[in-house]
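The values are calculated or read from the model by the stated rules, or taken from the named source; none is laboratory data. None of these values were measured; they are calculated from a predicted model. Using ideal geometry, Cβ is built from the backbone for each residue, glycine included, and neighbour counts are taken over all protein chains shown. Only protein heavy atoms, including side chains, enter the accessible area calculation; ligands, DNA and RNA are left aside. Shrake-Rupley method; radii C 1.70, N 1.55, O 1.52, S 1.80 Å.
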2 protein chains.
Amino acid sequence: MSERAAYDELVKKTRDIQLLVSTAGVLGWDERVNMPRSGSQLRADQLGLLAGMIHEQFTSPRIGELLSKIEQSDMVKDPESVEAVNVRELRYQYDKQTKLPKSLVEEITKVTTLSQSDWMTARKNNDFKLFEPWLDKIFGLMRQKADAFGYTGEPYNALLDEYEPGATTDQISQVFETLRNELVVLLKKIANAPKKTDKSIVEREYNVELQRVFGESVAGALGFDFSAGRLDVTTHPFCSGFGPGDTRVTTRYNPKRLNDALFGIMHEVGHGLYEMGINKEKYFGTPMGDAASLGIHESQSRMWENQVGRSKEFWSYFFPQAQRMFKESLGGVTLDQFYGAVNDVRPSYIRVEADEATYNLHILLRYEMERALLNGDIKPKDVPAEWNSRFKKYFGIEVDSDSNGCLQDVHWGAGLVGYFPTYTLGNLYSAQLFATAKKEIHDLMSRFERGEFLTLRNWLKDKIHQHGQRYRANALCQKVTGKPLSHEPLVAYMNEKYAGIYGF
Amino acid sequence: MSERAAYDELVKKTRDIQLLVSTAGVLGWDERVNMPRSGSQLRADQLGLLAGMIHEQFTSPRIGELLSKIEQSDMVKDPESVEAVNVRELRYQYDKQTKLPKSLVEEITKVTTLSQSDWMTARKNNDFKLFEPWLDKIFGLMRQKADAFGYTGEPYNALLDEYEPGATTDQISQVFETLRNELVVLLKKIANAPKKTDKSIVEREYNVELQRVFGESVAGALGFDFSAGRLDVTTHPFCSGFGPGDTRVTTRYNPKRLNDALFGIMHEVGHGLYEMGINKEKYFGTPMGDAASLGIHESQSRMWENQVGRSKEFWSYFFPQAQRMFKESLGGVTLDQFYGAVNDVRPSYIRVEADEATYNLHILLRYEMERALLNGDIKPKDVPAEWNSRFKKYFGIEVDSDSNGCLQDVHWGAGLVGYFPTYTLGNLYSAQLFATAKKEIHDLMSRFERGEFLTLRNWLKDKIHQHGQRYRANALCQKVTGKPLSHEPLVAYMNEKYAGIYGF
């Protein structure tokens, strides 16, 4: 068998596997958007069968044989070639998936299914004691998982690597810590600033149907292609890129809050534009046809939501339109007042409701906590006290209950340890990439004032989207911005923006 | 291996296969209801992969081995036992699917894909010559298919059997021919009758959103469970029962026609009630968890659409509600006028727009034509002349173009030969079953006047739905009605109803 034939067979196999993954994607989307309540058991059975088939096919020894054959050939000599990239990333995934013993996978599935049910009760009843034993079990299993994967440095690296391939605590901790210190200072400045923002402006009556129309017109202006995508309603918004020509985003509408759906749509559309920008027509089913990492994915959603969607220039263009649509609530509001309202910063308990500035503090607290839990530096029983004392230090306010504190997120109970940092990585990459875009496209912001967003979209497609997994996240950042990941662009962006809004 | 173990393995396998079938069902539903235009190639690839896997798994020699093992055991001694039914029908399907050579399946797929494209052009341009060579090819392939399946009597039996297992031309032709003659007489009576119906009543303005609400309230009253199902919009309405707890129907709304969506919903809900009435919680993935035949399926949809939905008693209950909803169009209309309008009979060219009485004539014409084409008694080039002369004889009007004649249906171009009769079988079974229901539930019609439809629904569940494929269609008919399939109940029902409406 020639190396070319081995490569072709490999691609055929991974393409078929990806068709099953995307089939499961459609089923998952349908489950959240359409499925009648009584269909849940059937859906679980369908998805369970598909997951088993996908795992079995991807971990079959034949995949390993084909990879070895190609790895020894000249096909992978140029590390940036399509073949080399695909083989590098498939090898990485194959080794990861074959390293996990089936018994451990099953145990994690079993424990996290049960724990999530108790977590829901615990959060509802503010009863940490109910959840505590599960934390113990889950972090024990996470240590076993890290051991199975193997790691250098601390075990957390093995888990982080699953969500952000190539990232390590060494690489990100220094950046995170500096960011945290800067944000604590920024929050104090805002709290003591002479000017205030009026959040109540975006908490008036906003007709849901008009919100939808406005959201779709924004999505279209940003470049979301409705002939290759949809916007629907779900309780928990998400984006799902099934494959070439089919990328779907969801949102939720609140008739008393304009921000939720509006910025939610821009966020998910940011993910969607990434999915649409990858060359899936050519590379679907291989790493070249897939996103670089969760962090880079989040950088796209956050850029469109914040750097674009919360900019003065964006609203110069869209505010008159919003005023016409929501006459009663926005009729007497000025652009500056509205711009202030959508950029309102104030400490709050709940991560998913946090503003752009405090959001990262929520993440960094969790990153520190989960590392310490995994290393054994904190015991599960100490989680509430530890959480609350850090929260006081970073946000300046007291946590009033564990439900509004350490019990608020599903992640730990679901076994998602190592996932949180990708949110802040997304914000950091977002600011660093956007600063570069502004440098390279000198009139970028004034284009926004004219409602022209496709220049940025095309720049992102060229610099990020089209490369798929050609570069790992850190290498991509270096290549596009000329520098490794840094706290500076995000800190500079925030300081400049909030200085303007709050007048400090 | 014990027989019980063989049976359990067989059920496990067919259950997993059915999970894949139902997964393809969700993808197919999504394709018609939601999918963005550009997603069609990906969807075709997903469905193609699933179809291949389903075929491969179901025709694997292991299925044959397991069947043989069980067939020799005591497990199948009682022919009505769950095990005996499942083995009987799985054997039947297995033999059918393994008899077709792969090359023939592929050839049929290739030819019908191409021919459908030319059929669309031919219909649009009224150009029979473009379609003629495809008819020749397709009926040639259909003869090969019949040969591969094997048959007694004429080759058409092999094709008919695929859609209506156990049915033969011997069984149905006599019934069909008598029905045809009776319908021709009935049409003449109606044409010369003293009373007329005013169809324009249902062709006024009917707000689409109100149509939806009205349609859903009717569907709910008939017993459609919206916690285990949905109603959506598609160009070509259909019903899809994925499995336990998830049955979905679709319709299309026309703001100038009340009938389309309203009776369309009752039709699809009839299919849906059948799917919901089968004991899928217990039998999903085996023949006991599946519908008896296309003919029986159609009997359920037609019963709710016609025997129930076009009855005077149904509208005694629902007409006041309809009047309140559609004040402007129905305000001055009497119940009798409305009842006449929804039962308007008049010869027309297009099958899918035909009324209850003429519909079967459309089908019978096609049944005669496709049998003759398969037997070689008609050549493809003679189809238009042959079609038009029969049409004149049965309907009393001249066909004005092939687009309104022999080119109107997708079926032949799609290789669906032997399918048409199931529509008329559905109407016949529907009338025969309903006549029995009326006998066994003495106040059935007056229950409709009170808006009480669940008695009929439960009767159908008990007599038909819950049995899955325990009985073949003809045996089921005999068991429930005490008689084999007959033209009499349908002819009697129509004569009585139209005598009342048209006063002959």
Pairs with Cβ under 7 Å, 6+ apart, first in the stretch A:76-89 and within 16 Å of A:Ala473 (Cα to Cα), second in a helix (DSSP H, G or I): A:Val85/A:Pro287; A:Val85/A:Met288; A:Asn86/A:Pro287; A:Asn86/A:Met288; A:Glu89/A:Pro287
Where A:Tyr471 falls short, out of the listed (1) in a loop (DSSP other than H, G, I, E, B); (2) open to solvent by 30 Å² or more (accessible area, probe 1.4 Å); (3) modelled with pLDDT of 95 or more: (2)
Residue, nearest to the other protein chains (Cβ to nearest Cβ), within the stretch A:222-270, restricted to residues that are surrounded by fewer than 18 Cβ atoms within 10 Å (Cβ to Cβ) and of a type in the set (Ser, Thr, Tyr): A:Ser227
Scope the stretch B:299-330; condition out of contact with any His (no Cβ under 8 Å at 6 or more places or on another chain) and either closer than 30 Å to B:Ser81 by Cβ or hydroxyl-bearing (Ser, Thr, Tyr) (or both); matching residues: B:Ser299, B:Met303, B:Ser311, B:Ser316, B:Tyr317, B:Ser329
Test result for B:Gly153, open to solvent by 20 Å² or more (accessible area, probe 1.4 Å) and closer than 30 Å to B:Pro244 by Cβ: no
Selection from the stretch B:101-117 of residues that are open to solvent by 40 Å² or more (accessible area, probe 1.4 Å) and either assigned to a helix (DSSP H, G or I) or over 29 Å from B:Gly166 (Cα atoms) (or both): B:Lys102, B:Ser103, B:Val105, B:Glu106, B:Glu107, B:Thr109, B:Lys110, B:Thr113, B:Leu114, B:Gln116, B:Ser117
Conditions (1) within 21 Å of B:Val33 (Cβ to Cβ); (2) of a type in the set (Phe, Trp, Tyr); (3) touching a Pro at 6+ places or on another chain (Cβ under 7 Å); number of the one not met by A:Phe242: (3)
Of the criteria (1) closer than 30 Å to A:Leu47 by Cβ; (2) open to solvent by 30 Å² or more (accessible area, probe 1.4 Å), which one B:Ser200 fails: (1)
1 or more residues β-branched (Val, Ile, Thr) and more than 14 Å from chain B (Cβ to nearest Cβ): qualifying helices (runs of 4 or more DSSP H) within the stretch A:28-100: A:61-71, A:82-99
Answer residue from the stretch B:1-13, given it is surrounded by 17 or more Cβ atoms within 10 Å (Cβ to Cβ) and more than 13 Å from chain A (Cβ to nearest Cβ) and is farthest from A:Ala24 (Cα to Cα) among those: B:Glu3
Evaluation of B:Val352 against (1) at pLDDT 95 or above; (2) open to solvent by 10 Å² or more (accessible area, probe 1.4 Å); (3) within 15 Å of the chain's Cα centre (by Cα) (one fails), failing number: (1)
Subset of the stretch A:137-178 (residues that are assigned to a loop (DSSP other than H, G, I, E, B) and without any contact (Cβ under 8 Å) to a residue 40 or more places away in the chain): A:Tyr151, A:Thr152, A:Gly153, A:Thr168
Residue match in the stretch A:163-179 (condition: over 30 Å from A:Pro347 (Cα atoms) and open to solvent by 60 Å² or more (accessible area, probe 1.4 Å)): no
Count of residues meeting criterion [within 14 Å of chain A (Cβ to nearest Cβ) and crowded, with 19+ Cβ neighbours inside 10 Å] in the stretch B:278-331: 6
Qualifying positions in the stretch A:193-235 - touching a Pro at 6+ places or on another chain (Cβ under 9 Å) and not hydroxyl-bearing (Ser, Thr, Tyr): A:Glu205, A:Asn207, A:Val208, A:Gln211, A:Asp225, A:Phe226, A:Ala228, A:Gly229, A:Arg230
For A:Ala122: the one exception among (1) touching a Ser or Thr at 6+ places or on another chain (Cβ under 9 Å); (2) more than 24 Å from A:Lys392 (Cβ to Cβ): (2)
Residue in the stretch A:423-439 that is open to solvent by 30 Å² or more (accessible area, probe 1.4 Å) and in contact (Cβ under 8 Å) with a residue 60 or more places away in the chain present: yes
Total residues in the stretch B:207-220, condition in contact with a Phe, Trp or Tyr (Cβ under 6 Å, 6 or more places away or on another chain) and either within 23 Å of B:Gln300 (Cα to Cα) or among the aromatic types (Phe, Trp, Tyr) (or both): 1
Index of the failed condition, B:Arg310 passing every other in (1) of a type outside the set (A, V, I, L, M, F, W, C); (2) within 30 Å of B:Glu268 (Cα to Cα); (3) touching a Phe, Trp or Tyr at 6+ places or on another chain (Cβ under 6 Å): (3)
Qualifying residue in the stretch A:493-503 (condition: buried (at least 24 other Cβ atoms within 10 Å of the Cβ) and part of a helix (DSSP H, G or I)): no
Residue match in the stretch A:334-347 (condition: without any contact (Cβ under 8 Å) to a residue 24 or more places away in the chain, farther than 18 Å from A:Tyr502 by Cα and touching a helix residue (DSSP H, G or I) at 6+ places or on another chain (Cβ under 8 Å)): no
B:Asp16 vs. criteria more than 11 Å from every other protein chain (Cβ to nearest Cβ), surrounded by fewer than 19 Cβ atoms within 10 Å (Cβ to Cβ) and either in a helix (DSSP H, G or I) or on the phi < 0 side of the Ramachandran plot (or both): no
Any hit, the stretch A:204-217, residues being over 13 Å from A:Leu262 (Cα atoms) and away from every other protein chain (no Cβ under 14 Å): yes
